[in-house]
Amino acid sequence: MRVLAIDTTLGACSACVADRGAAEALSCEIMPMERGHAEALAPLLERVIARAPGGFGAIDRVAVTVGPGSFTGLRIGIAAARAIGLALKVPVVGVTSLSALLGPVVATAGDRVAVAAIDARHGQVFVQAVAPGGRVVVPARLASVRDAARLLGSGNLVISGSGAGLLASEAWSVGVNAVVAENSLYPDPLWVARLGAVADPATALPKPYYLRAPDAKPQDGALALR
């Protein structure tokens, strides 16, 4: 199975083409950026596909990160993935940003608890943690940095994601041994492809995955009476 993977949820615009089970991508490009995903994605996809043998015609599945992350960014990636899937008549699957961040960390964590933490601003993080052996110790959730550190307990931690530094500092303050994974501010598209290759299209839907309610709320008090 050949997978096209797309990520625009956090601080990068990235894509890759990879065969299921392969150690390396056939074609990959990662552009770190905080804004501008909408303008960058289409040209980036063109370059990535142009370098992949067989081009679009060899793609069997599209995988896309669905959040949590930037509201605008995740919708850009999902829209592109759906459009490509529709045009190619191939399945499109969603992969959460936390799962994509956890993938490479779980693979190298050893006896440490693998943690993904995305900076959600205002002293909060989106967090998920997996113990050695694959047991989920903290399901995906939004929590204050302090609460997240306490949920993780006293074991050794390795933390990835844009919130890793915040969470590691809080863990250190309570005497927990935590290390920050290198080069893990945003998902690796190769891991998005790997997770997407084994995802069930019936349940891993390409739709936004939110862990926080929208900031904007209806202003009922300002409604005019009829």
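The values are calculated or read from the model by the stated rules, or taken from the named source; none is laboratory data. Only a predicted model underlies this, so the values are computations on that prediction, with no experimental measurement involved. Note that each Cβ is placed from the backbone with ideal geometry, even for glycine, and that neighbours are counted across all protein chains shown. Quick note on the areas: whole protein, heavy atoms, side chains included, nothing else; ligands and nucleic acids left out. Shrake-Rupley method; radii C 1.70, N 1.55, O 1.52, S 1.80 Å.
Out of the residues in segment 79-109 that are among the β-branched types (Val, Ile, Thr) and closer than 29 Å to Val158 by Cβ, state the one that is modelled with the lowest pLDDT.
Applying the filter and picking the extreme gives Thr108.
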Self-check item: Hits in segment 36-51 (condition: surrounded by 21 or more Cβ atoms within 10 Å (Cβ to Cβ) and over 13 Å from Ala79 (Cα atoms))
Solution: Val48
Quiz item: Could you give every pair whose Cβ atoms fall below 9 Å, whose first residue belongs to segment 96-118 and is within 26 Å of Ile78 (Cβ to Cβ), and whose second residue is assigned to a strand (DSSP E or B) and charged (D, E, K, R), counting only separations of at least 6 or pairs across chains?
Solution: Ser97/Asp7; Ala100/Asp7
Quiz item: Does any residue in segment 184-199 that is surrounded by 24 or more Cβ atoms within 10 Å (Cβ to Cβ) come within less than 7 Å, Cβ to Cβ, of a residue that is among the hydroxyl-bearing types (Ser, Thr, Tyr) and modelled with pLDDT of 95 or more six or more places away or on a different chain, and which pairs are these?
Solution: Pro187/Thr65; Pro187/Ser97; Pro189/Ser14; Val192/Thr65
Exercise. Please enumerate the residues belonging to segment 53-70 that are part of a helix (DSSP H, G or I) and surrounded by 14 or more Cβ atoms within 10 Å (Cβ to Cβ).
Key: Phe56, Ala58
Quiz item: Just checking, which of Ala23, Ala50, Ala42, Ala83 is out of contact with any Leu (no Cβ under 8 Å at 6 or more places or on another chain) and in a loop (DSSP other than H, G, I, E, B)?
Solution: Ala23
Quiz item: Looking at this structure, is Asp215 loosely packed, with under 15 Cβ neighbours inside 10 Å, of a type outside the set (Phe, Trp, Tyr) and either at pLDDT 95 or above or not in a loop (DSSP other than H, G, I, E, B) (or both)?
Solution: no
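For Ala178, indicate whether it is more than 26 Å from Phe71 (Cβ to Cβ), of a type in the set (A, V, I, L, M, F, W, C) and at pLDDT 95 or above.
Criteria met by Ala178.
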Practice problem: Report, by residue number, each residue of segment 110-122 that is farther than 15 Å from Asn177 by Cβ and either in contact with a helix residue (DSSP H, G or I) (Cβ under 7 Å, 6 or more places away or on another chain) or at pLDDT 95 or above (or both). | Solution: Ala116, Ala117, Ile118, Asp119, Ala120
Self-check item: All positions within segment 78-88 that are of a type outside the set (Gly, Ala, Ser) and open to solvent by 10 Å² or more (accessible area, probe 1.4 Å)
Solution: Arg82, Ile84, Leu86, Leu88
Quiz item: With segment 89-168 as the region, which strands (runs of 3 or more DSSP E) entirely inside it contain at least 3 residues that are farther than 19 Å from Val66 by Cα and open to solvent by 10 Å² or more (accessible area, probe 1.4 Å)?
Solution: 136-144
Practice problem: Please go through segment 14-35 and pick out each residue that is without any contact (Cβ under 8 Å) to a residue 60 or more places away in the chain and either among the polar types (S, T, N, Q) or open to solvent by less than 10 Å² (accessible area, probe 1.4 Å) (or both). | Solution: Ser27
Quiz prompt | Search result, residues across segment 19-43 that are within 15 Å of Asp188 (Cα to Cα) and among the hydrophobic types (A, V, I, L, M, F, W, C) | solution = Ala22, Ala23, Ala25, Leu26, Cys28, Ile30, Met31, Met33
